[in-house]
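Report on one structure; see the data block that follows.
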DNA sequence: TGGATTAGGTTTAGCGCTATACCTCGATAG
DNA sequence: CTATCGAGGTATAGCGCTAAACCTAATCCA
């Protein structure tokens, strides 16, 4: 069936080790003539080394696990933002010659066996909630080298990358304050003392402090979906009559809110300005085009992979997450407050 | 380091084979008492079987490769439609206890070695162009069991799933014809005598035949991107003065065209009706909401996986692609032709 | 009562590769 | 002229698991 090292060795009239050395570029120990001969025979025979055999012998697999939250078994799919990062990570890993094992995680506990069995060289955790990161430690995954993207741990010692959520939200709020808004709402999912949303809330608040303005107590708790955003938008005016602007912690949520507002007869940005977070392609496709905080996801992904590679190949790793800069992209959903 | 079968066997005072049998649920050959004891010791020791060793011994890896086109090395990411399917496939494979090796393919040739080496149990080709499917055959991938999603081969003998592109386009055109439109444009990428776009064009034409109407020769060749769509939309009125409706082969393209038209002062749907294809979430987020042909991607993915599983585990496989039904979703971008 | 079966194991022989130690021979140095 | 060394290999011994053949005592049926 499969062409093995042994066959190549026999055909070439050398030992298996010599073929192995040639295949692995361990050329110091083989004469040029032999290299050429072995190479030729291997090509003729269509020899391809067996990854299982190799990783059994070397204990290295050149395989990296990418874990993404899979919510429920019924959750149809993963968010566009997450998926985009998956694609970027695959591309980066490929450059380094590693392969990607993609795994959705519904329940952190069930992952252990599956992943340990593959003796992964490393793993990337993508977008897990704070409490889940702990469960998915080296112990569970079996890989020593783990980086987390978009995850926070209570002590902030998780290695990985994340966007500068604090700065982003601060930028968003500053933008709205600069436009003269004061009654600015914060809309996002429930949060505790640590995590992405908490950071964004802190950044949001900081902008008020920076401007020497007292932050009004306008907060709405809402899940990060279009549907819930729209629901909220529909009733928002009634609940916060004085509000003239809002910051939503995700674009998809912001778009939902904008649509809800519009349906309720409230114009964006004339009556209410809206800023989102993420800078999905979507922002350019909706009306009005969404002003948002742009995350450099390509950099987030490539930095995470390069940290992982340094960790695997050189044993070097930063002790804290690397923060990726964000920027504000002004589009059409924000305008100066009405006089 | 790693706990091995041998250690479990020694601790339990049985042979390795007995432990192996217990671990693999091969319980017929082991007494209940022994099963219990081995199980307990294995748990205590935290034993996890090595996938490499197992696949080396059995020649089965419980690993399925998922190949997606990676365009250029610079292409930032994969289309949302493709990515959504990736997520769905992962979920399906997980149900069957298989793992997913995700691999972007920039150049079909370079894939061979990487994939053969993993001795994949099967492979799924996602959204490749017709000519690429041939290059990525069993020979290249090394897996006997291959299914293709959204791919056409010249002879239509590729196993896999695809949406009913012909019927979808026919539905779209019929919808426009029913609304009284006659000057209907077909906008899509260049196509040859076989492939998704060709099917859609044929379905589009069929609707005219069904209605006994001669199809006007209105065709625009344009790549499937928002930007190119917008460009086209900007100049469309000048180029086809009589046109009152158009069918675009992808939502993202349709949205671009709508925006171009709008910018050029042409109203959708009052002046021009637009129908897309795919039914991305996006359709609900744009203004006007896009009427489109809905593909059941969840079914497309799950059917593909179940075909693959039947092929791997039972050796049964359909000889032709399975066609997934589509439906028309009427939203706001289509209206009766103006009197 | 004895040959055949069966339950419940064990032993053996690899799967395909690589790390490590070892060998051999010609060149080199003292 | 021998001791040493490096170039260019080879031989051995696993990595952790499983398929297949084999073993043994108890059971079974005619």
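The values are calculated or read from the model by the stated rules, or taken from the named source; none is laboratory data. From a predicted model like this one, the values you see are computed outputs, not experimental measurements. FYI the Cβ positions are ideal-geometry reconstructions off the backbone, even for glycines, and counts take in every protein chain you see.
A few points about this structure:
- Scanning the range A:242-264 for residues that are surrounded by fewer than 21 Cβ atoms within 10 Å (Cβ to Cβ) and within 19 Å of residue B:288 (Cβ to Cβ), we see that the one that is farthest from the other protein chains (Cβ to nearest Cβ) is A:264.
- Criterion: surrounded by fewer than 17 Cβ atoms within 10 Å (Cβ to Cβ), under 28 Å from residue B:288 (Cβ atoms) and more than 21 Å from the chain's Cα centre (by Cα) - qualifying residue of A:267, A:230, A:239: A:267
- Any chance residue A:327 is part of a strand (DSSP E or B), out of contact with any helix residue (DSSP H, G or I) (no Cβ under 7 Å at 6 or more places or on another chain) and surrounded by fewer than 20 Cβ atoms within 10 Å (Cβ to Cβ): yes
- Residue in the range B:229-237 that is under 19 Å from residue B:181 (Cβ atoms), away from every other protein chain (no Cβ under 12 Å), without any contact (Cβ under 8 Å) to a residue 40 or more places away in the chain and part of a helix (DSSP H, G or I) present: yes
- Residue list for the range B:5-14, filter: within 12 Å of DNA strand C (Cβ to nearest atom) and free of Cβ contacts under 8 Å to residues at least 40 places away in the same chain: B:6, B:8, B:9, B:10, B:12, B:13, B:14
- Selection of helices (runs of 4 or more DSSP H) fully inside the range B:90-170 by the criterion of at least 1 residues being within 16 Å of the chain's Cα centre (by Cα) and away from every other protein chain (no Cβ under 14 Å) returns B:130-135.
- Residue that is farthest from the other protein chains (Cβ to nearest Cβ) [pool: residues in the range B:29-55 that are within 17 Å of residue B:7 (Cα to Cα) and near DNA strand C (Cβ under 8 Å from one of its atoms)]: B:34
- Test result for residue A:193, more than 30 Å from residue A:121 (Cα to Cα), away from chain B (no Cβ under 14 Å) and modelled with pLDDT under 90: yes
- Per-region count, the range A:289-321, residues in a strand (DSSP E or B) and more than 13 Å from the chain's Cα centre (by Cα): 4
- Taken over the range A:183-200, the criterion of being surrounded by 18 or more Cβ atoms within 10 Å (Cβ to Cβ) and under 21 Å from residue A:258 (Cβ atoms) is satisfied by A:184, A:185, A:186, A:187, A:188, A:197, A:200.
- Scope the range B:75-89; condition within 10 Å of chain A (Cβ to nearest Cβ) and over 28 Å from residue A:110 (Cβ atoms); matching residues: B:75, B:76, B:77, B:79, B:80
- Failed condition for residue A:58, given (1) within 14 Å of chain B (Cβ to nearest Cβ); (2) in contact (Cβ under 8 Å) with a residue 24 or more places away in the chain: (2)
- Taken over the range A:256-275, the criterion of being touching a strand residue (DSSP E or B) at 6+ places or on another chain (Cβ under 7 Å) and either assigned to a helix (DSSP H, G or I) or in contact (Cβ under 8 Å) with a residue 40 or more places away in the chain (or both) is satisfied by A:257, A:258, A:268, A:273, A:274, A:275.
- Some residue of the range B:92-102 being free of Cβ contacts under 8 Å to residues at least 12 places away in the same chain, more than 11 Å from DNA strand D (Cβ to nearest atom) and crowded, with 20+ Cβ neighbours inside 10 Å: yes
- Residue selected from the range B:28-39 under the condition outside any loop (DSSP other than H, G, I, E, B) and within 13 Å of DNA strand D (Cβ to nearest atom), by the criterion surrounded by the fewest Cβ atoms within 10 Å (Cβ to Cβ): B:28
- Only residues that are outside any loop (DSSP other than H, G, I, E, B) and within 43 Å of the chain's Cα centre (by Cα) were counted in the range B:1-15, giving 1.
- Test: residue A:17 is under 24 Å from residue B:53 (Cα atoms), within 14 Å of chain B (Cβ to nearest Cβ) and near DNA strand C (Cβ under 7 Å from one of its atoms): no
- Any hit, the range B:40-47, residues being surrounded by 20 or more Cβ atoms within 10 Å (Cβ to Cβ), assigned to a loop (DSSP other than H, G, I, E, B) and within 16 Å of DNA strand D (Cβ to nearest atom): yes
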